[in-house]
1. Skip the ligands, DNA and RNA, and give the accessible area per residue of region 1-120 with a 1.4 Å probe, whole Å².
2. If I take R0 = 25 Å and measure r between the Cβ atoms of residue 140 and residue 29 in this structure, what FRET efficiency does the formula 1/(1 + (r/R0)^6) give, to the nearest 0.05?
3. Each label point is 7 Å from the Cα along the Cα-to-Cβ direction; what then is the distance between the points at residue 45 and residue 200, in nm?
4. Using the structure shown, list the pairs from 61/169; 143/175; 169/209; 61/233 with a Cα-Cα distance above 32 Å, or answer none.
5. Report the charge-dipole magnitude of region 63-191 in Debye, nearest 20, computed about the Cα centre from +1 at each Lys and Arg Cβ and -1 at each Asp and Glu Cβ.
6. Can you tell me the dipole magnitude for the chain around its Cα centre, using point charges on the Cβ only (Lys, Arg +1; Asp, Glu -1), in Debye to the nearest 20?
7. Largest first, how would 216, 225 line up by accessible area (1.4 Å probe)?
8. Keeping every protein chain in place, order 194, 84 by accessible area at 1.4 Å, biggest value first, i.e. largest first.
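The values are calculated or read from the model by the stated rules, or taken from the named source; none is laboratory data. Only a predicted model underlies this, so the values are computations on that prediction, with no experimental measurement involved. Please note: Cβ atoms are built from the backbone with ideal geometry, for glycine as well, and neighbour counts cover all protein chains shown. The protein model used for the area step is the full one, side chains on, heavy atoms only, and it has no ligands, DNA or RNA in it. Shrake-Rupley method; radii C 1.70, N 1.55, O 1.52, S 1.80 Å.
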Amino acid sequence: MDTILHGHLNRRKSALIGGTALIIMALAAFFSYGFAHENLVLQGDSRATFINLKSSNTLFKAEIFGWIIILITDIMVTWAFYIFLKPINSSLALLAAWFRLTYTAILGVAILNLIFVLLLSNGTDNLSFNIDQLQAHVMLFLKAFETIWAIDLIIFGGHLLVIGFIAFKSSEIPKVISILLLLAAIGYIIINVFISFFSQYNEVISILKLIFNVPMILGELGFGMWLLIRGGKFSKAV
């Protein structure tokens, strides 16, 4: 009885940590990418982007800090998901954890490109580049960040696909959440395959984003809210 109770408490603890980390991550992502990055980086305009980075240096540093928060919370979510889902299917929970850890490691590589951009935009006096070369290097590193992250989100989609499948097989997790997770997984994979390898099909990408936007937002965030409210509260794991 004590072992069962201890297991339930561990699942509840992991649910609370995972749900909290997901909400923090969502807020950080909204700020770093949805607000800061979108306002600072103007695609195809290296001069305006460079001016934005120079004049709004604090905002760009805040964006990078937000990405670091995302990185840390991703590691927390990896652990929490594994502990919570292990009683349902231990082998698939481990596979999902490896997918997310791989995604997180590659995200770290992508973030390095933003740090290079910060160094370039701050240290112009110590560089031998002329202004055009400097702006070109800044745009190259920004493009590298976005390209690496897009490819990385394909792996993230694989993670969500496994999580969604485990959730669907569980009698504890609501079916609507598992379906949203599966749809989000398909959306992340298809959209980012197009962004990474077929970027010329802008209209197709726009349509796909329109189709999958809602499940991509509500899938993992909805699971996080459910974990906070209901996850591990003495209900059946399978």
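1. For region 1-120, the solvent-accessible area averages 50 Å² per residue.
2. It comes to 0.55.
3. Simple spin-label model gives 2.7 nm for this pair.
4. As for pairs spanning more than 32 Å Cα to Cα, those are 61/169; 143/175; 61/233.
5. That gives region 63-191 a dipole magnitude of about 580 debye.
6. That gives the chain a dipole magnitude of about 920 debye.
7. Heavy-atom accessible area, descending, gives 225, 216.
8. 194, 84
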